[in-house]
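Peer 1: Below is the structure I would like to discuss, written out as structure tokens.
The values are calculated or read from the model by the stated rules, or taken from the named source; none is laboratory data. Bear in mind that the values here come from a model prediction, so they are computed numbers and not experimental data. Note that we place each Cβ from the backbone using ideal geometry, even for glycine, and neighbour counts take in every protein chain shown. Heavy atoms of the whole protein, side chains included, go into the accessibility calculation; ligands, DNA and RNA do not. Shrake-Rupley method; radii C 1.70, N 1.55, O 1.52, S 1.80 Å.
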Amino acid sequence: MSDKVPPVLDACCGPRMFWFDRNDGRALFVDKRRERCVADTREGRREIVVDPDLLVDFQKLPFPDGTFTLVVFDPPHTFAGPNGWTAKKYGTLKTGWEEEISAGFRECFRVLAPLGTLIFKWNEHRVPVSRVLALTPEKPLFGQRCGTTAKTHWIVFHKAIR
């Protein structure tokens with residue numbers, strides 16, 4: 001990685017599943033874990049690779065205020081056991097998850113530049129999106145439900161000049 005910080009931050013990149021280019025140079029990929037897992041699933045042998053540019057916890061981002069013009073925040077959204085395939089793929093929520101997600105929102109908005117955009121992704125498998133959005137005082141602009149059960153939400157926020 002070069003010394004110049006890209007304009008986009010993926011604050012908890014995991015295996016970068018929704019990226020068209022998982023090595024896009026316009027983005028800085030961070031996560032608190034680095035691991036490679038292989039498992040036999042119903043779909044066959046699968047591999048998950050979590051290999052961030054930097055090992056960083058989204059609750060304590062080591063960047064100055066207003067560094068990024070676009071921040072992607074896709075935190076864990078399940079309570080799966082730590083060794084299951086879902087946990088390896090997405091990470092897991094733990095006791096006190098509300099404060100963790102709230103701190104993540106604060107940090108993502110802190111490092112977001114004025115007039116920047118935050119994209120938040122959440123799956124309602126266990127926790128309704130309304131309960132999660134209540135963890136931030138920021139107001140979303142719009143969102144989209146997707147997936148076969150329409151439980152995944154993509155929500156867009158815009159940071160005003162303050």
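Peer 1: How much net charge surrounds VAL30 when only the other residues with a Cβ under 10 Å from the Cβ of VAL30 are counted, with Lys and Arg +1 and Asp and Glu -1? Don't skip to the answer; put the middle values down first.
Peer 2: On the way: positive: LYS32; negative: ASP10, ASP31, ASP53, ASP57.
Once positives and negatives cancel, what remains is -3.
Peer 1: Next question. In angstroms, what radius of gyration and Dmax does the range 81-162 have, counting Cα atoms only?
Peer 2: 13.8, 43
Peer 1: Here is a follow-up. For every helix of n ≥ 4 consecutive DSSP H residues, a contribution of -39,500 (n - 2.57) applies; sum these over the chain, divide by its total residues, and give [θ] at 222 nm rounded to the nearest 500 deg cm²/dmol. Mind dumping the intermediate values first?
Peer 2: Working: 3 runs with 26 residues, N = 162.
My calculation for the chain gives -4500 deg cm²/dmol from helical runs alone.
Peer 1: I'd like the distance between the alpha-carbon centres of the range 5-42 and the range 51-123, rounded to an integer number of Å.
Peer 2: 12
Peer 1: If a/c stays under 1.5 just call it rounded; otherwise compare a/b with b/c (prolate if a/b is bigger, oblate if not). Do that for the chain, with a ≥ b ≥ c from the square roots of the Cα gyration tensor eigenvalues.
Peer 2: Values: a/c = 1.70, a/b = 1.24, b/c = 1.37.
It comes out oblate by the Cα gyration axes.
Peer 1: Another question, if that's okay. For a quick check of understanding: with a 1.4 angstrom probe and all protein chains in place, what accessible area in square angstrom does LEU135 have, to the nearest ten?
Peer 2: Accessible surface of LEU135 is approximately 40 Å².
Peer 1: Which net charge results for the neighbourhood of CYS146, defined as the other residues with beta-carbon distances under 12 angstrom from its beta-carbon, given Lys and Arg at +1 and Asp and Glu at -1?
Peer 2: On the way: positive: LYS121, ARG145, LYS151; negative: GLU124.
Neighbourhood net charge equals +2.
Peer 1: Further, regarding this structure: Using label points projected 7 Å from each Cα along Cα→Cβ, tell me how many nm separate LEU55 and ARG26, to one decimal.
Peer 2: With each label placed 7 Å out from Cα toward Cβ, I get 3.0 nm.
Peer 1: By a straight-distance test (C-alpha under 17 Å), which lysines pair with LYS139 as possible cross-link partners, with residues fewer than eight away in the same chain excluded?
Peer 2: LYS121, LYS159
Peer 1: Note down the accessible area of ILE161, probe 1.4 Å, to the nearest 10 Å².
Peer 2: 120
Peer 1: Then there's this: Among PHE20, PHE73, PHE109, determine the one that fluctuates most according to a GNM of the chain built with springs between C-alpha atoms less than 10 Å apart.
Peer 2: Largest GNM mean-square fluctuation: PHE20.
Peer 1: Continuing with the same structure: What's the lysine pair count for the range 1-113 at a Cα cut-off below 16 Å, pairs eight or more apart or interchain?
Peer 2: Pairs that pass both the separation and distance tests number 4.
Peer 1: For the range 1-75, count the residues as N, evaluate 2.2 N^0.38 Å, and divide the Cα radius of gyration by that value, please.
Peer 2: Details: Rg = 13.5 Å, N = 75, 2.2 N^0.38 = 11.3 Å.
Cα-based Rg divided by the globular estimate yields 1.19.
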